[in-house]
Structures are given as structure tokens and as C-alpha cells.
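The values are calculated or read from the model by the stated rules, or taken from the named source; none is laboratory data. In this text the structure is predicted, and so the values were computed from the model without any measurement. Neighbour counts run over all protein chains shown; Cβ positions are idealised from the backbone, glycine included. For the accessible areas, the whole protein counts, side chains as well, though only heavy atoms, and no ligand, DNA or RNA atoms are used. Shrake-Rupley method; radii C 1.70, N 1.55, O 1.52, S 1.80 Å.
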Amino acid sequence: MKCRVCRGPAVIDVRRHNANFCVEHFVKLCRDQVQKAMREWSMIQPGDKVLVAVSGGKDSLALWDILLDLGYDVSGLYVGLGIGDYSDASATHAREFAVKRGAELIEVDLPSDYGYDIPDGSRAARRAPCSACGMSKRHVFDKAALDGGFDVLATGHNLDDEAAVLFGNVLHWQTDYLGRQLPVLPARDGFPRKVKPLVRLAERETAAYCVVRGIDYLVEECPMAAGNRHLSYKEALNVVESTSPGAKHDFYFGFLARASERFQAEAETDREDLLACLQCGAPTTTEVCAFCRLVERAGGHVEPGGPAHGPQPVTLGRGPR
Ligand code: AMP
Ligand code: FES
Ligand code: ZN
Ligand code: ZN
């Protein structure tokens, strides 16, 4: 197996590109793919302050590493979800990376800062753990970016993640979600732009990137996600990809190039005038936002941040996933 670029010994084959790469040229491939995605979608502007959400897993640590190497002004954000040993281990990986790279890591802990954890929160709100977790993370990401004066919030969603979400949205014809499934969502009302710079890299590649770069990531998956629908969509797409390399890429990028725009109108009509949550000030269609309701039901507490004189109109669309 020889590297496509230098003909030296290769360490990885990337069937989607029909090529093999040595360590040096694989690292370059990953950086190039991130830069290409960022250019194509104008994800980060010169001078932007970037906040990257890091879970301690391979994707977000690879993303943080690449953004630091590319010279961006980037801090990490870790959210402690209170999922037992899994959360303790995730935090350790995120912290160790930050120390090693001398990078700033902002930490928010649901149990100590809000008085609830994901297992209790999902039970109390009668939501699936991943739904309560996703909603909590979105809220905390927005708030941390806003409080810290960041222009961009980057997450480690990769090609496998985005293709699986697209598959689910198509399977159930969630046309409003399809209209919003983009690798970049513009900034609105003080909230940062949201970007996914890893959409051109597959899961296997971000894992290999961490291995060759010596990044110690948490291999274990979240115990609460086992058996969820998203994982079954990933497995289904893996079966297709194994006999048809490049299928995931064509599915996702074909959608972005040829179909996504057709669902924009649907996403627009779904937008409603939002109010600021009476409790925390976040945009919502109800008086008190879903996050504050979840925290309250789980017996936690939210710091007041709502407007002093009743609900104020804010003009923005519903939050992205
Ligand atoms: P997931 O929703 O677990 O597939 O994660 C998607 C992305 O969300 C990751 O790549 C991270 O960027 C971010 N993320 C997930 N969990 C956390 C966490 N506990 N703290 C901060 N960011 C996270
Ligand atoms: Fe959110 Fe597992 S990381 S439920
Ligand atoms: Zn090479
Ligand atoms: Zn609220």
C-alpha cells in the first residue's frame, strides 16, 4: 500500500477517494478537507472568535486540533451532562487535550450549574435521553457563546452524522428539518453562526486522525444513546457504503447541491415570531422556554436572564438541531 502523494508506505486507505495515504499526507488531507468545507460555506471569517464544542470524543478533539493548527482563535467548551462515569471520562479527555495544547477550555456542568443531570432530566420531562440532552446542549452552547463574545460555534458533526440525520429526515419526510439541514447556520440576534467544519470527513477518518496525531480521545460511546434511531440509520448507511464507497458523500452533498434549497420555503413558513423566555431570556415560542421547563421538572434551577418587563418580541427562526 503506497501513499497517493509521495509513494511512501501508506497507513490508511480511504476508499471514498480511492486512495491510500502516509501519516503526513493523511493529516494534510484532513486539514485540506476542513479548509475546503470552511471556504465553500464561508464558515469562519478572519478575526472571528471561535468556540468549539468538545465532548472528549474523536470528532470534536480532531476539529479543535485542526482549527488550532490552522491558526484560528479558538477556545473549547465542555458541557458536563452528569451521565456517571461516561461524563467523568469525557471531561478528563477534554481537559487533558486543552492542557497539552495550552488552549482555553470553558466548562459548564449541568449538575452543579443547573442542579439536574441528563438521566433525571429525561425521566422528569418524559423525553428520550438524547432529546433532553440535545436540547440542553443547544441551550448551553448558545449561552456560552453569547456570554463569551464568540462569533462562531463549531461542532464536530462529521459526514456519517450528517448523512444519518439526512436519512432520518427523508425517511420520515421532516421537510421543515430538511430546509434547515445545512453545514452553516447564520448568526441571529446575537447568537453566533453555527458551523460543522468536519462534514467532508468520515468517522473512520477522524478516528484515524486522532490516532496518528497522538490525541487521546474517549472511545466509549454514550451509554444512553445505545439502541437509538440515529445509530440504526448509521448502520444502514454503513451497509450501503461497504458495497458502494462514496454513497454517503453523494447522498449528503447531492442533497446540499440539488435538493436542500427546495425545502427552504418549508423551513421559512415554519418560522414564527419568537419571544424571549421569561425565565432565562432565550428565544422561544412559549412564555417559558423548553429548556427552563425541563430544568424545572427535573428539580433544577435556571439563572434568571429574562426580560424585566414581560415577554419581548425577538425576530428569529426556530433553533437548529
Ligand atoms: P453528538 O450530538 O453527541 O453526536 O455530538 C455532536 C457534537 O456536539 C460533537 O462533535 C461536539 O462538537 C458536541 N458535543 C457533544 N457532546 C458535548 C459535550 N458534552 N460538551 C460539549 N460539546 C459536546
Ligand atoms: Fe447526550 Fe448521550 S451524549 S444522551
Ligand atoms: Zn505521503
Ligand atoms: Zn428559558
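A few notes on this one:
- Qualifying residue in segment 129-151 (condition: more than 16 Å from ligand 4 (Cβ to nearest atom), more than 24 Å from Lys196 (Cα to Cα), of a type outside the set (Asp, Glu) and at pLDDT below 95): no
- Count of segment 204-227 residues which are open to solvent by less than 70 Å² (accessible area, probe 1.4 Å) and not in a helix (DSSP H, G or I): 5
- In segment 118-138, the residues that are under 16 Å from Val108 (Cα atoms) and β-branched (Val, Ile, Thr) form Cβ pairs under 8 Å with partners that are open to solvent by 50 Å² or more (accessible area, probe 1.4 Å) and away from ligand 3 (no atom under 16 Å from the Cβ), at six or more places apart or across chains, as follows: Ile118/Met224.
- Residue within segment 134-143 that is within 25 Å of Gln35 (Cβ to Cβ), in a helix (DSSP H, G or I) and within 14 Å of ligand 1 (Cβ to nearest atom) present: yes
- Look at (1) in a loop (DSSP other than H, G, I, E, B); (2) surrounded by 18 or more Cβ atoms within 10 Å (Cβ to Cβ) and you find that Lys194 fails only one, number (1).
- Look at segment 1-15: where a residue is under 18 Å from Pro245 (Cα atoms) and a partner is open to solvent by 20 Å² or more (accessible area, probe 1.4 Å) and part of a loop (DSSP other than H, G, I, E, B), sitting 6+ places away or on another chain with Cβ atoms under 6 Å, you get Arg15/Pro245.
- Ala37 being more than 16 Å from ligand 2 (Cβ to nearest atom), surrounded by 13 or more Cβ atoms within 10 Å (Cβ to Cβ), free of Cβ contacts under 8 Å to residues at least 60 places away in the same chain and small (Gly, Ala, Ser): no
- Subset tally (residues that are more than 18 Å from Ala144 (Cα to Cα) and in contact with a Leu (Cβ under 6 Å, 6 or more places away or on another chain)) for segment 67-81: 0
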